[in-house]
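**Q** Next up is a structure, given as structure tokens.
The values are calculated or read from the model by the stated rules, or taken from the named source; none is laboratory data. Computed from a prediction, not measured in an experiment: that's the story for all the values here. Neighbour counts are summed over all protein chains in view; Cβ atoms, including those assigned to glycine, are modelled from backbone coordinates with ideal geometry. Accessible surface areas use protein heavy atoms only, side chains included; no ligands, DNA or RNA. Shrake-Rupley method; radii C 1.70, N 1.55, O 1.52, S 1.80 Å.
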Amino acid sequence: MKQQPILKVADLSKSFGGVHAVNGVGFELQPGETLGIIGPNGSGKSTLINLITGFVKPDSGKVIFRGQDITGAPPFKIVTSGIARSFQMARSFSSMPVYKNLIVPLYSARARKLKGGQYGDRDETAIHLLEEVGFERDSSVPYKLAGSLPHGYVKRLELARCLALDPEIIILDELFSGMSMSEVASILPLLERINEEGKTLIMVEHRLRELFRVVNRAIVLNFGTKIAEGTPEEVVAVQEVRDAYLGSETEDA
Amino acid sequence: MANVSYRKERIDRGIKARTDDIFAIASLQETLYLLFPRLLLIVPLVVFPLLQGIIGAYWETVFLIALVVTLLALSWDLLASVGLVSLGQALFYGVGGYFTAFLSNYLGLPPLISIPLATVSGASVCTLLLYPVLRLRGVYFGLITFAIPLLLMRTIEATKILGGTEGISGLAPLPGLTVELYVMVAIAFVGVFGLRRLIDTDYGLVLRAIRDNDRSVEAGGINVPWYKAQAVFIAALPATFAGAFIAHHYQVVGMSAFALDYSVLPLTAVVIGGPGSFAGALLGAFVLVPLSETLRQFGTLRVVIYSVILLIFVVGLPEGIFRFAQRKYQQFERLVPMEEVAKE
């Protein structure tokens with residue numbers, strides 16, 4: 001029996017000055033699923049994420065989250081309803097200690113309803129979240145200025161910011177970019193656990209081998225259009241996908 | 001070793017680490033360590049209004065102006081903490097003045113009611129006025145705030161509303177300079193210590209985060225425009241109060257309330273005193289205003305001296321007087337020989 005989709009994207013389009021960044025893209029997502037969005041540079045992956053999360057208003061199309069139309073709603077409302085995202089160009093609040101960065105999402109209307117989001121609990125919740133995404137326990141790192149963090153840790157901080165909101169869908173925009181192999185390896189079990197806890201994941205990635213260890217379905221974008229959809233094995237088998245993007249990557253896989 | 005090079009090391013005083021919180025009450029020494037810098041600020045401000053017989057009414061009035069600039073500077077500093085650089089503090093100042101003049105002259109309200117009412121309603125109106133441009137960042141927001149007071153000034157001049165070029169005169173008087181000074185000193189203290197506390201709460205942290213990276217705050221589920229509007233309202237309060245209070249002090253309010261001075265002086269005061277600290281706004285105002293009075297005797301040279309002093313601060317002490325003094329008070333400095341380098 002098929003469940004009601006948690007997220008339904010239908011015929012979403014956006015042009016920037018005549019360039020179709022996203023052109024009639026649609027997909028459905030079941031609760032608890034993990035979806036990868038792949039495609040060459042400039043294929044419209046990040047724009048698609050921005051359209052879903054409200055950071056860019058679509059020209060046409062619909063985004064339905066749990067039966068509710070959230071198309072073009074302001075980003076904070078979409079977050080409040082339960083979709084959190086990370087940014088490809090992750091930037092921390094550099095003038096604050098690392099753990100204080102998480103006070104911001106914990107202060108939001110959504111997090112304040114959760115356990116640990118109340119006044120007085122937030123600092124402790126923040127430290128706990130940092131441990132969860134792999135900041136060493138009892139180290140001084142959470143208390144250092146966020147501006148001094150190495151790139152991999154900024155990415156982890158982004159993930160922690162999403163988790164602080166206890167969302168139903170987490171959208172990760174190139175979480176692995178700039179991470180070393182070992183960093184990615186250490187974060188994969190965490191992503192699997194998050195998914196097992198019932199959270200739906202959408203991951204935009206360039207690093208397919210790592211991505212395909214997490215996701216069970218993928219869509220492929222090229223020039224703003226969806227050219228393939230299916231399991232990782234299915235999409236890499238599509239000739240159009242190979243031509244557009246994968247080519248050598250799959251041969252040595 | 002022929003040449004040992006040294007590096008400067010800065011260490012927090014042990015007492016500082018312990019006294020950052022309320023536990024300082026545990027020991028007299030630590031309490032004094034905390035109290036001393038605060039008293040250094042509070043005592044002169046409380047004592048000065050009493051010295052009217054010695055100092056004379058002129059310098060007491062200068063003191064009053066310094067307090068006005070302090071309130072405008074506090075307002076500027078809070079806006080800057082959210083990433084909004086205001087070049088038009090005169091907007092708040094003028095709106096406060098005109099509101100209280102309207103309430104006092106046309107509705108016949110006493111200053112005790114018209115000033116608070118003008119403060120709150122003026123701040124609300126300014127927030128509404130600025131709401132559409134809050135999405136602008138950096139210099140663009142500054143340019144708009146720069147233009148609005150000038151625009152209001154010319155509107156009053158051209159349409160002859162609110163007394164036109166004559167202004168509105170005959171406002172109800174305040175009960176005398178000493179009382180006025182104490183009211184302003186009290187408000188300045190509430191402003192400095194209140195805002196310092198506010199910016200350290202989780203709420204204040206969200207405001208500062210907006211300055212750092214507003215997209216990330218939005219992605220954290222926070223309604224950024226709404227928080228910015230709140231910050232503008234809170235920041236407008238001390239400034240509209242200053243405008244309303246001074247209108248009653250002079251018993252007149254005119255177009256000059258929107259003058260550039262009230263936009264430039266607060267900004268300069270914060271630069272001198274130290275941005276983001278609020279205490280710096282007060283220090284800066286009390287350096288700047290008396291200084292600019294003293295420089296009056298130099299005529300046009302005043303502007304030159306004034307600019308040079310500004311340059312010295314911007315280039316030589318960008319952290320401002322307050323942070324500099326704070327650092328000196330809370331840290332040891334010592335020279336440490338760098339042996340590793342010397343051996344090579």
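**Q** Take residue A:63 and tell me if it is of a type in the set (A, V, I, L, M) and within 14 Å of residue A:219 (Cβ to Cβ).
**A** The answer is no for residue A:63.
**Q** Mind listing whichever residues of segment B:124-178 are among the charged types (D, E, K, R) and without any contact (Cβ under 8 Å) to a residue 24 or more places away in the chain?
**A** B:154, B:160
**Q** What residue, of B:244, B:259, B:236, is away from every other protein chain (no Cβ under 14 Å), open to solvent by 10 Å² or more (accessible area, probe 1.4 Å) and small (Gly, Ala, Ser)?
**A** It is B:259.
**Q** Collect the residues in segment B:296-344 that are basic (Lys, Arg), surrounded by 14 or more Cβ atoms within 10 Å (Cβ to Cβ) and modelled with pLDDT of 85 or more, keeping them in residue-number order.
**A** Of everything in segment B:296-344, just one residue is basic (Lys, Arg), surrounded by 14 or more Cβ atoms within 10 Å (Cβ to Cβ) and modelled with pLDDT of 85 or more, namely B:323.
**Q** Pairs, please: C-beta under 6 Å, at least 6 apart or cross-chain, first residue over 15 Å from residue A:224 (Cα atoms) and more than 14 Å from chain B (Cβ to nearest Cβ) and in segment A:41-64, second hydrophobic (A, V, I, L, M, F, W, C) and open to solvent by less than 10 Å² (accessible area, probe 1.4 Å)?
**A** As it stands, the answer is A:63/A:9; A:63/A:52, since those pairs meet every condition given.
**Q** Here is a follow-up. Does residue A:166 fit the bill of being open to solvent by 40 Å² or more (accessible area, probe 1.4 Å) and closer than 14 Å to residue A:84 by Cβ?
**A** Yes, satisfied.
To keep it simple, each residue is scored yes or no on (1) within 14 Å of chain A (Cβ to nearest Cβ); (2) part of a loop (DSSP other than H, G, I, E, B).
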residue	(1), (2)
B:162	no, no
B:171	no, yes
B:192	no, no
B:205	yes, no
B:217	yes, no
B:225	yes, no
B:269	no, no
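**Q** Moving on to the next point. Every residue in segment A:164-178 that is in contact (Cβ under 8 Å) with a residue 40 or more places away in the chain and at negative phi, please.
**A** Scanning segment A:164-178 gives A:164, A:165, A:167, A:168, A:169, A:170, A:171, A:172, A:173, A:175, A:177.
**Q** Name the one entry in B:112, B:91, B:84, B:67 that is closer than 23 Å to residue B:228 by Cα, out of contact with any His (no Cβ under 9 Å at 6 or more places or on another chain) and in a helix (DSSP H, G or I).
**A** B:91
**Q** So which residues in segment B:158-186 are open to solvent by 70 Å² or more (accessible area, probe 1.4 Å) and within 21 Å of residue B:255 (Cβ to Cβ), if there are any at all?
**A** B:158, B:159, B:160, B:161, B:165, B:166, B:169
**Q** So, in segment B:154-176, of the ones that are more than 29 Å from the chain's Cα centre (by Cα) and among the aliphatic types (A, V, I, L, M), which residue ends up modelled with the lowest pLDDT?
**A** B:161
**Q** Just one of B:53, B:94 is of a type outside the set (Phe, Trp, Tyr) and under 18 Å from residue B:252 (Cβ atoms); which is it?
**A** So the residue among B:53, B:94 that is of a type outside the set (Phe, Trp, Tyr) and under 18 Å from residue B:252 (Cβ atoms) is B:94.
**Q** Give me the pairs, please: first residue somewhere in segment B:300-313 and over 20 Å from residue B:274 (Cβ atoms), second residue anywhere and open to solvent by 90 Å² or more (accessible area, probe 1.4 Å) and of a type outside the set (Lys, Arg), beta-carbon distance under 8 Å, and either six or more positions apart or on two chains.
**A** B:305/B:298
**Q** May I pose another question? Can you name the residue in segment A:81-107 that is part of a helix (DSSP H, G or I) and more than 10 Å from every other protein chain (Cβ to nearest Cβ) and, of all such residues, is most open to solvent (accessible area, probe 1.4 Å)?
**A** The qualifying residue most open to solvent (accessible area, probe 1.4 Å) is A:99.
**Q** Right, something else. Could you tell me how many of the residues in segment A:71-80 are away from chain B (no Cβ under 14 Å) and either without any contact (Cβ under 8 Å) to a residue 12 or more places away in the chain or open to solvent by less than 40 Å² (accessible area, probe 1.4 Å) (or both)?
**A** Looking only at that region, the number is 1.
**Q** Looking at segment A:199-213, which of the residues that are at pLDDT 90 or above and among the hydrophobic types (A, V, I, L, M, F, W, C) is farthest from residue A:89 (Cα to Cα)?
**A** A:212
**Q** Consider segment B:75-103. How many of its residues are open to solvent by less than 10 Å² (accessible area, probe 1.4 Å) and not aliphatic (A, V, I, L, M)?
**A** Within segment B:75-103, residues that are open to solvent by less than 10 Å² (accessible area, probe 1.4 Å) and not aliphatic (A, V, I, L, M) number 11.
**Q** Can residue B:34 be described as under 17 Å from residue B:279 (Cα atoms), open to solvent by less than 50 Å² (accessible area, probe 1.4 Å) and free of Cβ contacts under 8 Å to residues at least 60 places away in the same chain?
**A** Yes.
**Q** Which condition from (1) more than 10 Å from chain B (Cβ to nearest Cβ); (2) assigned to a helix (DSSP H, G or I); (3) charged (D, E, K, R) is the one that residue A:137 breaks?
**A** All conditions pass for residue A:137, except number (2).
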